[in-house]
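Enquirer: Pasting in a structure now, in structure tokens, and then I'll have a few things to ask.
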Amino acid sequence: MPDGESERTVAECLGCGSAYAAQKWPDGTIQPIGTRNGCQCESTEFRVIGGSTPVHREEKST
Ligand SMILES: [Zn+2]
């Protein structure tokens, strides 16, 4: 991936859990698309969901 290219992903607000289409930049910045000022709940912290970021899952043995 060329430097400066953003990756389209989906991010979740850490404040209220709302999911947004977002851009992930090479430096790790996550910017929701269309919500330049952050979430509607005024949180500006997001995490990528459903992407390549490792997610801790509870393993259940069935
Ligand atoms: Zn929120």
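Every number in this text was worked out from the coordinates using simple rules, so none of it is lab data. In this text the structure is predicted, and so the values were computed from the model without any measurement. In this analysis, Cβ positions are derived from the backbone assuming ideal geometry, glycine residues included, and neighbour counts consider all displayed protein chains.
Enquirer: If you take every residue apart from Q23 with its C-beta less than 9 Å away from the C-beta of Q23, what net charge results, scoring Lys and Arg +1 and Asp and Glu -1? Don't skip to the end; give the middle numbers.
Expert: Numbers: positive: R8, K24; negative: E7.
Around Q23, the surrounding residues sum to +1.
Enquirer: Summing Lys, Arg as +1 and Asp, Glu as -1, what charge do residues with Cβ under 14 Å from the Cβ of L14 carry, L14 excluded? Don't skip to the answer; put the middle values down first.
Expert: Numbers: positive: R47; negative: E12, E42, E45.
Net charge around L14: -2.
Enquirer: Turning to a different aspect of this structure: Roughly what would the spin-label model give for A21 and E7, points 7 Å off Cα along C-beta, in nm?
Expert: Modelled inter-label distance: 1.9 nm.
Enquirer: Taking the Cα atoms of the range 7-48, report the difference between the largest and smallest coordinate on each principal axis, in whole Å and largest first.
Expert: That works out to 26, 16, 15 Å along the principal axes.
Enquirer: For the pair E45/L14, report the inter-label distance in nm, with labels modelled 7 Å from Cα in the Cβ direction.
Expert: It is 0.3 nm.
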